[in-house]
Structures are given as C-alpha cells and as structure tokens.
1. Between residue 61 and residue 9, with labels modelled 7 Å along Cα→Cβ, what's the label distance in nm to one decimal, could you check?
2. Specify which labelled value, from [x] 14.4, 43; [y] 13.3, 43; [z] 12.0, 32, agrees with Rg and Dmax of the Cα atoms in Å derived from the coordinates of the model shown.
3. Give me the angle, in degrees from 0 to 90, between the Cα long axis of helix 51-61 and the longest principal axis of the Cα atoms of the chain, rounded to the nearest 10.
4. Compute the acute angle (0 to 90°) between the alpha-carbon long axis of helix 84-93 and the principal axis of greatest extent of the alpha-carbon atoms of the chain; round to the nearest 10°.
5. Specify the inter-centroid distance of region 50-103 and region 20-34, based on alpha-carbon positions, in whole Å.
C-alpha cells in the first residue's frame, strides 16, 4: 500500500492503538516502526472461515510474526520489514499467490 492508504484506530477499555504511516506520528508518541502490510484481496465473505489461519500458518512455520487487522471487507497482515522476503517465500511455498506493489 502506498503511504497514507491505511489507518486503523482501535480503542478498548485497556488501550488505544492507532496504525498509520510512520510519517504521521508525532515525535513524542511511543511507536513501533518498520511494519509492512500484506493485504488479503477482498471483499471477503463473512461465511468464509480460516482465511487468516491459512496465511498465518506458513508465516508462523517460517518464524514470521504477524499483527493482523481486519476490516469489513478485507484482512491485513502486518509483518516487520526485514521479514518480507521470508514471508513471501513462505506464502508461495504454501500455494498462495503474492502480488507485490511498489511503495
């Protein structure tokens, strides 16, 4: 995804999480940097089960940590930038199609 395309705000009783492009974060805010988004092509039907699991399994087997976020129509898996090539190889090995878009 290009910069600025994804913003997610999640609030619970315990925390507030905001996922957005790094350049949008003020310097005084605690931040985890270096995440890239893998977008699961959608829209996905709510009756479909196991989509994230089918992607998470090969990534876990390859030692790639994920931070999943779902919207109404689409699932996203955020991975750390240094693990991108490992993630792509793992997904391809399990038979998933991967399309890389320029930044």
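Any read-out appearing in this document is the output of simple, stated calculations on the displayed coordinates, not a laboratory observation. Note that the structure is predicted; figures quoted are calculated from it, not measured. Glycine gets a Cβ as well: all are built from the backbone with ideal geometry, and neighbour counts include every protein chain shown.
1. Label-label distance for residue 61 and residue 9, simple model: 4.0 nm.
2. Calculated Rg and Dmax of the Cα atoms in Å: the matching label is [x].
3. So the helix axis and the longest Cα principal axis differ by about 90 degrees.
4. The angle comes out near 30 degrees.
5. 22 Å
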